[in-house]
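First up is the structure itself, then whatever we jot down about it.
Here, each number is a calculation from the coordinates, and none is a lab measurement. Note that the structure is predicted; figures quoted are calculated from it, not measured. Glycine gets a Cβ as well: all are built from the backbone with ideal geometry, and neighbour counts include every protein chain shown.
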Amino acid sequence: MSVGTYALTSLADLKEFLGIPLESAGNEMLLESCVDRATGLFEHVTNRKLMARDYSYDSGSGDYDSDNAVINGNGRNRMILPQYPVNAVTTLRINETGISQSTSIYACGWVIEDKAAGIVTLRCYVYTEGLKNIDWAYNAGFAAAPDDLEEAAIEQAAWYFKQAGPGGNLLGVASKTLADGSISYNAKDLLPAVKMTLERYKKRIAY
């Protein structure tokens with residue numbers, strides 16, 4: 001077993017944070033599952049797929065994703081892609097008609113206006129209003145997790161690991177309250193600092 005392809009941190013970085021020797025083979029499956037669990041929770045909370053991957057409108061493609069690659073036209077010449085930052089666009093179709101990339105300010109076509117925000121602008125065209133009439137094939141997400149996001153993933157994964165150890169046992173348990181009743185933890189909760197970090201990465205709903 002190893003951490004997932006789109007994990008926000010590595011097993012080695014989690015071990016370093018926890019003070020576990022890199023050569024130690026103990027608890028690796030548990031550590032890896034904690035990384036994957038933190039990554040999955042972060043994507044759920046932000047409503048985004050954070051690490052870079054391909055999306056395609058083509059149902060015959062292994063990258064087919066109707067939610068993120070087949071979009072309603074908005075009648076404007078600007079669109080924010082559902083997943084971002086956008087790294088590359090390979091195909092854009094409006095009402096099944098292919099639109100080429102604009103090669104200059106005088107050429108019609110699409111242009112990535114803002115990679116970080118995922119904004120793709122059209123020259124000479126608009127994203128004709130319609131239901132699921134804009135088809136995309138593109139790559140979006142972080143090639144490497146930003147430092148604050150990776151740190152948050154490490155902290156969350158480390159918390160999961162510690163709660164799964166002796167005296168913890170929170171994985172799969174609904175909640176735990178300290179003896180004086182002052183603090184209540186839930187196995188599904190985000191750590192407070194982690195929650196603040198994820199607020200900056202929540203998906204914008206504006207296509």
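For Lys132, list the aspartates and glutamates whose Cα falls under 14 Å from its own Cα; do not include residues on the same chain fewer than 8 positions away.
Within reach: Asp58, Asp65, Asp67, Glu96.
Sort 123-133, 97-107 by the packing proxy (mean of other Cβ within 10 Å over each peptide's residues), most packed first. All intermediate terms of the calculation are to be shown ahead of the outcome.
Values: 123-133: 14.3, 97-107: 11.5.
My ranking of the peptides, most packed first, is 123-133, 97-107.
Would you please give the residues with an amide H less than 5 Å from that of Tyr84, counting only those at least 5 places away or on a separate chain, with H modeled from the backbone geometry?
Close amide H contacts, sequence-distant or interchain: Gly141.
Mind putting a number on the dipole of the chain about its Cα centre? Charges go on the C-beta only, +1 for Lys and Arg and -1 for Asp and Glu, and I need it in Debye to the nearest 20.
Working: 19 positive and 25 negative charges, 138 e Å.
Taking the Cα centre of the chain as origin, the dipole is about 660 debye.
Along the positive direction of the dipole of the chain (beta-carbon charges: Lys, Arg +1; Asp, Glu -1; about the Cα centre), which of Asn74, Trp159, Ser33 reaches farthest?
Value: Asn74.
What's the angle, to the nearest 10 degrees (0 to 90), between helix 28-46's Cα axis and the longest principal axis of the chain?
Taking the Cα atoms of the chain, the angle to 28-46 is about 50 degrees.
Among the aspartates and glutamates, which have Cα under 16 Å from the Cα of Lys195 when same-chain residues fewer than 8 positions away are ignored?
Partners within reach: Glu43, Asp147, Asp148, Glu150, Glu151, Glu155.
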